[in-house]
Amino acid sequence: MNSMKSRILLITFGLLILGTAMALPAAAQDPSQDQGQVQTEEVKQPRFRIGAYFEGYMINDKNLKDFYHHSQRNMPGFEASVHTVYNIDVWASYRIYRDEAKTTYFEKNDKFRISAVSVGLQYRPIRWKFLEPFVGAGLDLYSYKETVEAGSDISGASGNATGFYVQVGTYANIYKFIALTGFYRYNGVKKTLANPLPDGSKSMDLGGHEFGGGIVLKF
Amino acid sequence: MKRIASISAIFLIVLCIIAVNIEGARPTSKTTPQETVSPEALGAAVVKTIKVSGSGAGNKRYPGVAENADGDRLVIFRGSSGSYMYTFCRKGGSWSNPAVIPNQPKMKSSTCTDVEVDSTGRFHCLWEDTDKTLFYASYLDGKWTNPVRMSIPGRNDMGGAIAVRSNDEVVIAAVNFVKNPTNSKEIYLYFKGKKDTHFKFKNITNDRESSTTPSVAVDSNDDIWVALKSDLNLRDMDLITVMHHLDKNNSILSSKTLSVEGGWNFWPQIAVNSEDKVMATWVLSQSADYFSRLYNPKTKNWSSIERVLLGAPMKPWAAFWSKLAAHGKDFYLAAMNSGRYLHLMKYNEKTHRWTNFAKISDDPVYYFDLYPGYDQMLIVWDNDEEPSNIYLTTVDVPPVTPTTNKSKISGTVRKDSKGLSGVTMTGLPGNPATDSSGEYSGEVENGWGGTVRPQKSGYAFSPSSITYTNVTSNQTDQDYLAFIAIKSVANLQVEKRVERGFFNSYTLNILTWEANPENTALGLVISAQRVYRKSRTEDNSKWARIAELAGSVRTYEDRNVPSDSDYVYAVTCVDDKGNESAIY
């Protein structure tokens, strides 16, 4: 489990470092040199964006919705991106999905958590003064865990799942260093299990629709 | 010449008269006139005599004989060494070589024997050594019990007699000689139940001269009838024959003086026939006359005294031994005349007379015993002259046809080795209950079949019931063991449930129950409860204990059972003494 997390973080930071490395040559150019309008605009873009947002996650899995009695969970999320070239950013996000229910007979607390990491590229095709819409896609790296309160003979379970995401959204620049953001994201993350779920199926679909908004610092 | 002839004739007549008188005064065996001989009876009787004492030298004396329901016969007698010996004969077989009854204490010679049989075919034997000590032993299937010296306050004198009750309790009547302080001779009854190891005893007289062997008999109600000699309230040398009637609890119901003439009324005998009529006989020694009286239980009256005529002149003080037995409805008396010749007499109730049924031997007899076999009267005797041997004479009689078509079923219900009273024996006619000793008895028609089940609130029994088919004889020792009936829990419910998390789940059976109100009513302390489980299709030997719980718990979760299991459950209760209720 920990190794998986480490691996995800390693990949995330790897992509960020790669993006940073790709961005550095552009940053190293002397702004006084006459390199044309486009180059000037490139230089004026902030290199980094760090944001926090609040989102709703509408999970696909029917068993999870039935057992935990929620079809949507609201949760915080964090993102970071590094601008590379051509309005393309290396982008990553981390959020935690939590839900809780009782076991069916002994009514012990049963907690479920997904640590979701998404890593991919984000492209901002148009950069208006106020709005910068974007599209993105990449990998979803999920880690899930069920924890059952002591007193039941049921043991919890945990595992990892991978998938993809696609997203659309926009930044709304309200100050030089601050922007607001809104997005919609679709995740496709499925996992085949050894034991059947409550409805008898062995396939778990952790993906779903996300939509949310937040604030981004750019520098 | 005429005078000489007349004198000679008179002389011859006188000689003839003397000769006839001499012959009459000295009876011989083969020509003894039988004053009361019934030609039909003598002609019909088939008499056979065999020697059963083997070929050893020396004198054998004091025989006793009995036959059990299987037709097996046992003869015991005093051997030439003074020890008691026995010989046994299976029905239709031959007599075994006489052997010493094992484990006897050293005897100073022995006298006075009696043998009786119980419902199991066991032979109960009694004899007395000349040190005036009674010994008892029993014999069954080739095995003797160790002879035991009767536990008596004083010592015995002139032997005793045995009878057996329907529950196989042995009853012995014997003279007990107590030297101090009164030098009295009292009649004691000794009792030994089938499972008892020792005799209990009871004094039934309060005089000083009950000094000859009493006689004892048991009727169909298990009442005891005892005949004895007594000198109560009489002058010296005047003895009477007295009867005591005791109920089945050994309490004296009545007593009666049977003889009315003064003198030595001696050697009393008593017997009960199949109609519970009681016959008592005795001998008046100074006239050598035997007498009898018959008791009719329906009228509750004793007949007048009847004289038993043995035939041949009886010499005063020269005859006293006799033996009385009932065979079906009939009474037989074996008695000696003054010449020691033994006669078997039969009582005719219609004429109130004793008739001579058979001549037993051609030789004078010293001692003898009489026993009613199935279709023969058995008489064992020893010849008067030495060397003496033991002979068995059989006299054919009509087989006993049962006068009742009923049989008894009896036994004891015990708890912790003590009788349990108030147990209702359901299934027996009338549903009899156990008495204070835990004993019960019920009467059924012959051929009856059914199941007898003891019942008493709060108790269970082992066996829980006994099933009978075609009962044709008394069934004794139908015993049960009782124990506190701890009941298992009440209203046991089983509910199958699933405990499910998101990823994992298991099936569990939830058991709930209530305390059994019967246990509560009995005040039982339930210290533990045990949960048992088996598959529905498994037999009852497969119950497996899966949990032991405190006595106050009312639920149990059998977790992680297969979801398709078909388990059934039982929850038993365990009291503070460790008794556990039945699973099912």
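The values are calculated or read from the model by the stated rules, or taken from the named source; none is laboratory data. None of the values given here were measured: they were computed from a predicted structure. Methodologically, a virtual Cβ is constructed for each residue, glycine included, from the backbone with ideal geometry; neighbour enumeration extends over all protein chains shown.
The set of residues in region B:440-465 that are closer than 19 Å to B:Arg165 by Cα and crowded, with 19+ Cβ neighbours inside 10 Å comprises B:Tyr440, B:Ser441, B:Gly442, B:Val444.
For region A:113-130, a residue qualifies if it is within 30 Å of B:Thr507 (Cβ to Cβ) and buried (at least 21 other Cβ atoms within 10 Å of the Cβ), and exactly one does: A:Ile114. Evaluated against (1) away from chain A (no Cβ under 14 Å); (2) under 28 Å from A:Glu149 (Cα atoms); (3) of a type in the set (Ser, Thr, Tyr), B:Ser541 falls short on exactly one condition, (2).
This table checks each residue for (1) touching a helix residue (DSSP H, G or I) at 6+ places or on another chain (Cβ under 8 Å); (2) part of a strand (DSSP E or B); (3) not basic (Lys, Arg).
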site: A:Tyr57; (1), (2), (3): no, yes, yes
site: A:Lys65; (1), (2), (3): no, no, no
site: A:Val82; (1), (2), (3): yes, yes, yes
site: A:Asp89; (1), (2), (3): yes, yes, yes
site: A:Ala101; (1), (2), (3): yes, yes, yes
site: A:Phe106; (1), (2), (3): no, no, yes
site: A:Val117; (1), (2), (3): yes, yes, yes
site: A:Lys129; (1), (2), (3): no, no, no
site: A:Gly138; (1), (2), (3): no, yes, yes
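The residue list B:Asn431, B:Asn509, B:Asn470 contains one member that is modelled with pLDDT of 90 or more, at positive phi and either in a strand (DSSP E or B) or not acidic (Asp, Glu) (or both), which is B:Asn431. Looking across B:Glu557, B:Glu514, one residue alone is among the acidic types (Asp, Glu) and more than 14 Å from every other protein chain (Cβ to nearest Cβ). It is B:Glu514. Annotation note: of A:Pro125, A:Pro133, the sole residue that is in contact (Cβ under 8 Å) with a residue 12 or more places away in the chain and in a strand (DSSP E or B) is A:Pro133.
When A:Ala26, A:Ala21 are checked against the criterion of being over 30 Å from B:Ser505 (Cβ atoms), out of contact with any helix residue (DSSP H, G or I) (no Cβ under 8 Å at 6 or more places or on another chain), at pLDDT below 55 and among the hydrophobic types (A, V, I, L, M, F, W, C), a single residue qualifies: A:Ala21.
Go through the residues of region B:500-518 one by one and say whether even a single one is over 30 Å from B:Cys573 (Cα atoms) and within 25 Å of the chain's Cα centre (by Cα). There is no residue in region B:500-518 that is over 30 Å from B:Cys573 (Cα atoms) and within 25 Å of the chain's Cα centre (by Cα).
Yes or no: A:Tyr186 within 14 Å of chain B (Cβ to nearest Cβ) and assigned to a strand (DSSP E or B)? Answer is no for this residue.
If you check A:Glu146 against the conditions, is it touching a Gly at 6+ places or on another chain (Cβ under 7 Å), within 14 Å of chain B (Cβ to nearest Cβ) and of a type outside the set (Ser, Thr, Tyr)? It is true that A:Glu146 is touching a Gly at 6+ places or on another chain (Cβ under 7 Å), within 14 Å of chain B (Cβ to nearest Cβ) and of a type outside the set (Ser, Thr, Tyr). Does A:Leu139 count as more than 23 Å from A:Lys176 (Cα to Cα) and away from chain B (no Cβ under 14 Å)? So A:Leu139 fits the description; yes. For region A:146-160, the condition of being charged (D, E, K, R), over 16 Å from A:Asn60 (Cα atoms) and outside any strand (DSSP E or B) holds for at least one residue.
So which residues in region B:338-360 are within 17 Å of B:Asn383 (Cα to Cα) and part of a strand (DSSP E or B), if there are any at all? Result: B:Leu342, B:His343, B:Leu344, B:Lys359. Scanning region A:60-88 for residues being within 30 Å of A:Phe48 (Cβ to Cβ) and either polar (S, T, N, Q) or surrounded by fewer than 15 Cβ atoms within 10 Å (Cβ to Cβ) (or both) gives a total of 8.
Of the residues examined, A:Leu141 is one that is in contact (Cβ under 8 Å) with a residue 24 or more places away in the chain and either surrounded by 18 or more Cβ atoms within 10 Å (Cβ to Cβ) or closer than 17 Å to A:Phe211 by Cα (or both).
Checking each residue in region B:395-406 for being in a strand (DSSP E or B) and crowded, with 21+ Cβ neighbours inside 10 Å picks out only B:Val395. Residues that are farther than 17 Å from A:Leu206 by Cα, more than 9 Å from chain B (Cβ to nearest Cβ) and either aromatic (Phe, Trp, Tyr) or in contact with a Ser or Thr (Cβ under 9 Å, 6 or more places away or on another chain) (or both) within region A:152-174 comprise A:Gly169, A:Thr170, A:Tyr171, A:Ala172, listed in sequence order. Scanning region A:95-112 for residues that are buried (at least 18 other Cβ atoms within 10 Å of the Cβ) and more than 10 Å from every other protein chain (Cβ to nearest Cβ) yields a total of 2. Of the residues in region B:480-502, at least one is touching a residue at least 40 places away in the same chain (Cβ under 8 Å), outside any loop (DSSP other than H, G, I, E, B), within 14 Å of chain A (Cβ to nearest Cβ) and surrounded by 19 or more Cβ atoms within 10 Å (Cβ to Cβ). Candidates in region A:47-94 are the residues that are among the acidic types (Asp, Glu) and under 12 Å from the mean Cα position of the chain (by Cα); of these, the one that is nearest to the other protein chains (Cβ to nearest Cβ) is A:Glu55. Could you list all residues from region A:189-207 that are outside any loop (DSSP other than H, G, I, E, B) and out of contact with any Ser or Thr (no Cβ under 9 Å at 6 or more places or on another chain)? Residue satisfying the conditions is A:Asp205 alone.
Residues that are at pLDDT 90 or above and surrounded by 15 or more Cβ atoms within 10 Å (Cβ to Cβ) were ranked within region A:194-208; the one that is farthest from A:Gly159 (Cα to Cα) is A:Gly208.
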